[in-house]
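The values are calculated or read from the model by the stated rules, or taken from the named source; none is laboratory data. Predicted, not measured: the structure shown is a model, and the values here were computed from it. A quick note on method: Cβ atoms are made from the backbone with ideal geometry, for glycine too, and the neighbour counts reach across all protein chains shown.
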Amino acid sequence: MLYRVLPALSLLLLLARPASAQPEDYSKVVVKTTPVAGSVSMLQGEGGNIGVLVGPDGVLLVDDEFAPLVPKIEAAVKQLSPKPIRFVINTHWHGDHTGGNAALGTGGAIIVAQDNVRKRLSTEQFSTFSQQTLPPSPAVAWPVITFLDSVSFHLGGEDIDVLHVAPAHTDGDSVVFFKKSNVVHAGDLLFNGLYPFIDFGSGGSIDGVVAGADMLLSRIDDTTKIINGHGPLASKADLKRYRDMLATIRDRVRKAIQDGKTLDQTVALKPTAEFDAAWGNGFLKPDAFVALVYSGLKK
Ligand SMILES: [Zn+2]
């Protein structure tokens, strides 16, 4: 059955504009800075949202978008602090979150990520998103420090816990807690206001994303600010809505599979209907998202 699902899925994904697709012209991208809370800001150019912690000991980044944007990212960081970028945490291996690694690593930043991020960046990968084989990244882009479950930083008066959430969007996801500032960078565990891509080809799991969202909900409060991989800043209430939307659609698609429905029949059931106005206007349109969930659950 999978042979029927995958071509349909890739067609639907190709029709959609991938979140990790590279824009035509990086010279037109503007990197916007948004203060979040405490010592943490968010940078948004093209690709995954970046978290920035500034302090007297230097700067720590969470994710780094695409290589051509590094000069603009560095210029935006300079507006926040004259200190060097000492650490870059990658929330996962995708190119719209790690594309700046090589330039920043060359510049002296230490790249830190979960073990599976290094494994994927250092070996050839097949992208289910673009249906392409991706060569290994250059060695300077690989994380220098890796961890299995968690690592903590104590930098500039901030305590930062990095927790592996697995399997979720991929098999190498981390969520970053800035404890004093009460800010979380959730990586692509959370897409705020758009249906998420879940990378089943990189060990992702929709059950894992729901479980990861539950874990995150149990660790934050109503004043926590969440930087997510894609979309505007989120609150705990936004995360709860996302979690419930995902769990509802997952359960419906799983039921359809158990009832023997084909992909086309499952799409025709419109299992996302009441969520489409709020979540269906991103790069994954409703039918493409149903196809994605179906392909992940059918395995
Ligand atoms: Zn991603």
For this session: Answer yes or no as to whether Thr223 is part of a loop (DSSP other than H, G, I, E, B), of a type in the set (Ser, Thr, Tyr), surrounded by fewer than 23 Cβ atoms within 10 Å (Cβ to Cβ) and more than 16 Å from the ligand (Cβ to nearest atom).
Result: yes
Exercise. Looking at Leu217, Leu269, which is the one that is of a type in the set (A, V, I, L, M, F, W, C) and touching a residue at least 24 places away in the same chain (Cβ under 8 Å)?
Worked result: Leu217
Exercise. Which residues, taken from the stretch 132-181, are over 15 Å from Val62 (Cβ atoms), in a loop (DSSP other than H, G, I, E, B) and polar (S, T, N, Q)?
Worked result: Ser137, Thr170
For this session: Considering only the stretch 182-206, state which residues are of a type in the set (D, E, K, R) and either away from the ligand (no atom under 11 Å from the Cβ) or assigned to a loop (DSSP other than H, G, I, E, B) (or both).
Result: Asp199
Problem set entry | For Thr170: the one exception among (1) away from the ligand (no atom under 12 Å from the Cβ); (2) at pLDDT 95 or above | (1)
Problem set entry | Filtered residues of the stretch 123-153 (kept if in contact with a Pro (Cβ under 6 Å, 6 or more places away or on another chain) and either surrounded by 16 or more Cβ atoms within 10 Å (Cβ to Cβ) or hydrophobic (A, V, I, L, M, F, W, C) (or both)) | Phe129
Problem set entry | Top-ranked residue in the stretch 93-116 [being touching a strand residue (DSSP E or B) at 6+ places or on another chain (Cβ under 7 Å) and within 16 Å of the ligand (Cβ to nearest atom); ranked as farthest from Asp171 (Cα to Cα)] | Asn101
